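Just below is one structure, and these are the notes that go with it.
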Amino acid sequence: MHIGLIGLGKMGGNMRTRLRAAGVEVTGFDRNPDVTDVATVEELVAALPAPRTVWVMVPAGKITDDVVGELNNLLSEGDLVIDGGNSRFTEDFKHAELLAGNGIDYIDAGVSGGVWGLENGYGLMVGGSAAQVERVMPVFDALRPEGPREEGFVHVGEVGAGHYAKMVHNGIEYALMQAYAEGFELLEKREDIIRDVPGTFKAWQRGTVVRSWLLELLVRALDEDDDLSEIEGYVEDSGEGRWTIEEALANAVPVPTISASIFARFVSRQDDSPAMKAVAALRNQFGGHTVKKSDE
């Protein structure tokens, strides 16, 4: 099988390598001349046999819009576009409708695995027609982890379902990371009785109910920097976490844990949280609790 791959960054570049290792022929395009296989998207399309399959692996938003729009002008009826980036599921409806006008099919693929996907494989959540998903199953099988297909790949439903599942996946991921982080801080605070924080997390990797790959990654980070003093406590968030909360509100589904994890990330970006200042002021007003004056 021969596919095109647009976007050869950390994820896309590793995906190209994994696909090729599995015997899938890949022609890749990237604006970075050091990694691209062809000079233009036009050359990529020309290199592919019909019916063509082009996997888009670029940042969500305008960049994805632009790439899908360009492909709409270059591809032909019967071709297929797969968006494997982190697009919002509502964008999938728009992209599928645009491409359908020229008889081009569309699949949305939620992809999890990060930089470890090259070695471990990628968790895949796919939305689209059953016929199109089956058509490119060799690609999905090459990318997913070894083992039973259903433990690393799911055809969730029609267009939009893949990115919706990935959105919820990332919301859960936020909450899990926040729980580990809060546990880390509490253990660190009691240095009078907890003498080995990294060792505590390491011991949780086998036999405990909180063991997970995220825990293994935290242990890895603590092995490199045992008190995390070399990094700042500033955390960005991707769109999926916010979209998860918006969907929860729209469908009246309570997600207090996921919501709290998102707001905790916002707090991390403030040197002196205005929200915490307000809480301190209110406590002083209604209870007379002492407030700490600013140095400024």
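The values are calculated or read from the model by the stated rules, or taken from the named source; none is laboratory data. Since we're looking at a predicted model, the values are computed, not measured. Every residue, glycine as well, gets a Cβ built from its backbone with ideal geometry; the counts of neighbours run over all protein chains shown. To get the accessible areas, we keep the full protein, side chains included, count just its heavy atoms, and leave off ligands, DNA and RNA. Shrake-Rupley method; radii C 1.70, N 1.55, O 1.52, S 1.80 Å.
Tabulated data
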| item | result |
| --- | --- |
| Filter result for Val58 (assigned to a loop (DSSP other than H, G, I, E, B), under 26 Å from Ser238 (Cβ atoms) and modelled with pLDDT of 95 or more) | yes |
| Residue check, Val210 touching a Phe, Trp or Tyr at 6+ places or on another chain (Cβ under 7 Å), surrounded by 13 or more Cβ atoms within 10 Å (Cβ to Cβ), of a type in the set (Val, Ile, Thr) and assigned to a loop (DSSP other than H, G, I, E, B) | yes |
| Failed item in (1) over 30 Å from Ile107 (Cα atoms); (2) open to solvent by less than 40 Å² (accessible area, probe 1.4 Å); (3) modelled with pLDDT of 95 or more, with His163 passing the rest | (1) |
| Ser229 outside any helix (DSSP H, G or I) and hydroxyl-bearing (Ser, Thr, Tyr) | yes |
| In segment 214-233, residue modelled with the lowest pLDDT [restricted to those that are surrounded by 12 or more Cβ atoms within 10 Å (Cβ to Cβ) and out of contact with any Pro (no Cβ under 6 Å at 6 or more places or on another chain)] | Leu228 |
| Filter pass, Trp204 being under 26 Å from the mean Cα position of the chain (by Cα) and open to solvent by 100 Å² or more (accessible area, probe 1.4 Å) | no |
| Those residues of segment 96-120 which are part of a helix (DSSP H, G or I) and among the acidic types (Asp, Glu), in sequence order | Glu97, Glu119 |
| Filter pass, Gly78 being open to solvent by 20 Å² or more (accessible area, probe 1.4 Å), out of contact with any strand residue (DSSP E or B) (no Cβ under 9 Å at 6 or more places or on another chain) and either under 22 Å from Glu158 (Cα atoms) or part of a loop (DSSP other than H, G, I, E, B) (or both) | no |
| Neighbours by Cβ (under 9 Å, 6+ apart or cross-chain): first from segment 258-269, within 18 Å of Val168 (Cβ to Cβ); second hydroxyl-bearing (Ser, Thr, Tyr) and in a helix (DSSP H, G or I) | Ile258/Tyr174; Ile258/Thr244; Ser259/Thr244; Ser261/Tyr174; Ile262/Tyr174; Ile262/Thr244; Arg265/Tyr174 |
| Selection from segment 39-55 of residues that are open to solvent by 20 Å² or more (accessible area, probe 1.4 Å) and either part of a loop (DSSP other than H, G, I, E, B) or out of contact with any strand residue (DSSP E or B) (no Cβ under 8 Å at 6 or more places or on another chain) (or both) | Ala39, Thr40, Glu42, Ala46, Pro49, Ala50, Pro51, Arg52 |
| Test: residue in segment 60-67 that is in contact with a helix residue (DSSP H, G or I) (Cβ under 7 Å, 6 or more places away or on another chain), surrounded by 13 or more Cβ atoms within 10 Å (Cβ to Cβ), of a type in the set (A, V, I, L, M) and touching a residue at least 40 places away in the same chain (Cβ under 8 Å) | yes |
| Count of segment 81-113 residues which are polar (S, T, N, Q), open to solvent by 50 Å² or more (accessible area, probe 1.4 Å) and within 22 Å of Val156 (Cα to Cα) | 2 |
| Pairs where the first residue, in segment 70-95, is more than 18 Å from Val139 (Cα to Cα) and the second is in a helix (DSSP H, G or I) and aromatic (Phe, Trp, Tyr), C-beta under 7 Å, 6+ apart | Arg88/Trp243; Phe89/Tyr164 |
| Single residue of Glu247, Glu236 found to be modelled with pLDDT of 95 or more and either of a type in the set (Asp, Glu) or open to solvent by less than 90 Å² (accessible area, probe 1.4 Å) (or both) | Glu247 |
| Which listed residue, of Ala131, Ala142, is over 30 Å from Val253 (Cα atoms), free of Cβ contacts under 8 Å to residues at least 12 places away in the same chain and either among the small types (Gly, Ala, Ser) or in a loop (DSSP other than H, G, I, E, B) (or both) | Ala131 |
